[in-house]
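The values are calculated or read from the model by the stated rules, or taken from the named source; none is laboratory data. Quick caveat, the model's predicted, so the values are computed rather than measured. Cβ placement follows ideal geometry from the backbone for every residue including glycine, while neighbour counts extend to all protein chains displayed. Calculation scope for accessible area: heavy atoms of the full protein, side chains included, ligands and nucleic acids excluded. Shrake-Rupley method; radii C 1.70, N 1.55, O 1.52, S 1.80 Å.
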Amino acid sequence: MFALNRRLQQCLLKISDGVFKQDFKGPSIFTNPINFSIYKPELNSKASLWSIVGKKKSVFLNIIAGKYLAVPPTGRTYPSVVESHDFKSVQFLNFTDNSGLDKVHLSARYETYSHKGKLEMNDDTNSVLNYIIGANNYNNLHVQLDKEYIQELLSLFNLKHLQLKWINSLSNGQMRRSRIAKALINKPSLLVIDDPFLGLDPQATDLVSNSLHQISKELNLGIVIGLRSQDKIPDWIERTAFVDDSGVTEVDRKSIESSQANVETPQHQEPTLVEISNQSLSGPIHLEFTNASVAYKGLKIFEDFYWKIPQGSKWRILGDNGTGKTTLLSIITGDHPQSWRGVISIDGKLRKTGSGVTFFDINNDIGISSPELHALVPMHTKTMKEVILNGLVPDIGNSNFMYKPKDQVPNEWARRILDKFSDRLQQNGDKLFSELTISEQKLALFLRAIVKQPRLLILDEAFSCMDDVSAMKQCHEVVANDLGDMTVLAIGHIDWELPRYDYVLKLVGDEDRNYQILKAE
């Protein structure tokens, strides 16, 4: 009896014949009842460090984190959490949710940062450090934190050099590392993360993986991570479960790795890259940076930067987190304050203050899908079709989702593109954005970006996190075959997530900021 009670006290989560619903009158999410348990590592039960895969892995992670109704309510319990009366000991991170952050698009981000520069701790609470420790939250002002532990987290997730920066000035990869550190600041017992490595370069992926493993040992921390079926399972993961409509089934790591070897991906082989010069690029030039320099308060982002982009060419912008990829795109879209200081030319005409071209004129010719835009979608009020057709509204920029086109019937170009996805739109078009899978949300943002037939298409991590490889392949085929002379700029850390490209702009960051122009062969 004592051993049984001890095991119960060390159980972080116990689901016994659990049935889960969105509401009491609705159908069950899974066909079969769920049985699943997570224990503290100190029991040596090999049931503390889990990975979850399968098309409904995100739904199951939400169930682990306490969302959805359990029928009966005792079907899902947190024994050790109830024992300690500390429900903060379960932390859930979903990177499609930017809760706790200022929801600002790039223009507001850079405009504010241009005034603030480097933050001082005594006059601005919205620094990276204060965000992580919760000092920008009045409810946490009197919480006593372990200063040595804080420094350990900053070091583990490579954030020490960023701790005085404004939180919204971070790159996507830096922001993800900050959010993981914040989730760990109160030393939880159970950490649940959906797609922890999404949007991270290979070096940052290894850093986050190793740091999670180390912190799990120090804190006796149970960890559950959601991975796509194609993602490599970290070596430190002990057990893996597969989730589909029927329910949850534990699977052997070897079976997952074997199936990964047979996964069809949109691009099977990375192209050979050969360094070239700007002068070798021919044809009408769409965009051009000539001896461009961009800096924040003395921090060099680009210097003597020269890049010309022929109309209709397809590019990959490659670089580790923090090398300036997003800054470069924001200059092109007119979101960055310095994009109006004569650093870029469009069709041979220098963009500068007083040129007669407005921000809205610029963005009428640009379609974009990015994590920043994804975070701004009114998820609970807009349907998939409404989000897509919003791309047809002129003169509102790319970050405004509130307007509908006057003519609800798409033009010939838009109709031809949308017809290629008619089966998916018929099935999901009238669903609220919040009810869509991540793959369907990404598809909606991709279609929104191209329905207006822009001259320039920007795909910033547009296909990251897509589990539906067939949908990704459809998108890639459209980019390859249906865009005519549309210029394409794409960012992504995994080669097969990107549509095929002709050229690569490779950015090098840190102290040795530099760049290369490469041709894909």
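Data table
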| item | result |
| --- | --- |
| Spin-label model distance (nm) - Leu432 vs Asp245, 7 Å beyond Cα toward Cβ | 2.3 nm |
| The chain, dipole about Cα centre (Lys/Arg Cβ +1, Asp/Glu Cβ -1), debye to the nearest 20 | 840 debye |
| Approximate spin-label separation Asn35-Asp407, in nm, with each point projected 7 Å along Cα-to-Cβ | 6.1 nm |
| For the range 285-345 versus the range 207-241, the gap between their alpha-carbon centres in whole angstrom | 36 Å |
| Full-extension gain in nm, Lys519 to Phe24, via 0.36 nm per residue minus C-alpha separation | 172.5 nm |
| Amide proton proximity set for Ile301, modelled H, under 5 Å, gap of 5+ | Val294, Ala295, Tyr296 |
| Sequence-distant residues sharing a close amide H with Ile285 (under 5 Å, placed H) | Gln311 |
| Cβ-Cβ FRET estimate between Leu273 and Ala480, R0 fixed at 22 Å, reported to 0.05 | 0.75 |
| DSSP-loop trypsin sites (Lys or Arg not before Pro) across the range 394-493, with at most 11 other Cβ within 10 angstrom | Lys406 |
| Probe 1.4 Å, protein heavy atoms only - accessible area per residue of the chain in square angstrom | 46 Å² |
| Crossing angle, helix 438-450 versus the chain [Cα axis fit, 0-90 degrees, rounded to tens] | 10 degrees |
| Carbon + sulfur, % of accessible area of the chain - ligands and nucleic acids excluded, 1.4 Å | 48 percent |
| For the range 391-521, share of DSSP beta bridges that run antiparallel, in % to the nearest 5 | 55 percent |
| Farthest positive-ward along the chain dipole, Cα basis, beta-carbon charges - from Ser345, Ile225, Gln474 | Ile225 |
| Residue-level accessible surface for Glu521, protein heavy atoms, 1.4 Å, Å² | 130 Å² |
| Per-residue ³J(HN,Hα) for the range 204-210, Karplus 6.51 cos²θ - 1.76 cosθ + 1.60, θ = phi - 60°, Hz, x for Gly and Pro | 5, 4, 4, 4, 5, 4, 5 |
| Net charge contributed by nearby residues that have their C-beta within less than 11 Å of Glu477 (K/R +1, D/E -1) | +2 |
| Which of Ser439, Ser355 is most accessible, then next, and so on - probe 1.4 Å | Ser355, Ser439 |
| The range 366-411, relative contact order [Cα under 8 Å, separation at least 6], % | 38 percent |
| The range 388-480, relative contact order [Cα under 8 Å, separation at least 6], % | 34 percent |
| Residue-by-residue Karplus 3J(HN,Hα) for the range 374-384, coefficients 6.51, -1.76, 1.60, Hz, glycine and proline x | 4, 5, 8, 5, x, 5, 9, 10, 10, 7, 4 |
| Sum of -39500 (n - 2.57) over DSSP H runs of 4+, divided by residues of the chain (222 nm, nearest 500) | -8500 deg cm²/dmol |
| Amide H contacts of Lys55 (H built 1.01 Å from N, under 5 Å, at least 5 apart or other chain) | Val243 |
| Cleavage-rule hits, trypsin sites (Lys or Arg not before Pro), the range 224-253, DSSP coil, Cβ neighbours within 10 Å at most 16 | Lys232 |
| DSSP bridge orientation in the chain - percent antiparallel, rounded to nearest 5 | 55 percent |
| The chain - Kirkwood radius from inverse mean 1/r over Cα pairs (Å) | 24.6 Å |
| Residue-wise HN-Hα coupling along the range 189-194, computed from phi with Karplus coefficients 6.51, -1.76, 1.60 (Hz; x: Gly, Pro) | 8, 9, 10, 10, 10, 8 |
| The chain - percent relative contact order, Cα under 8 Å, separation 6 or more | 16 percent |
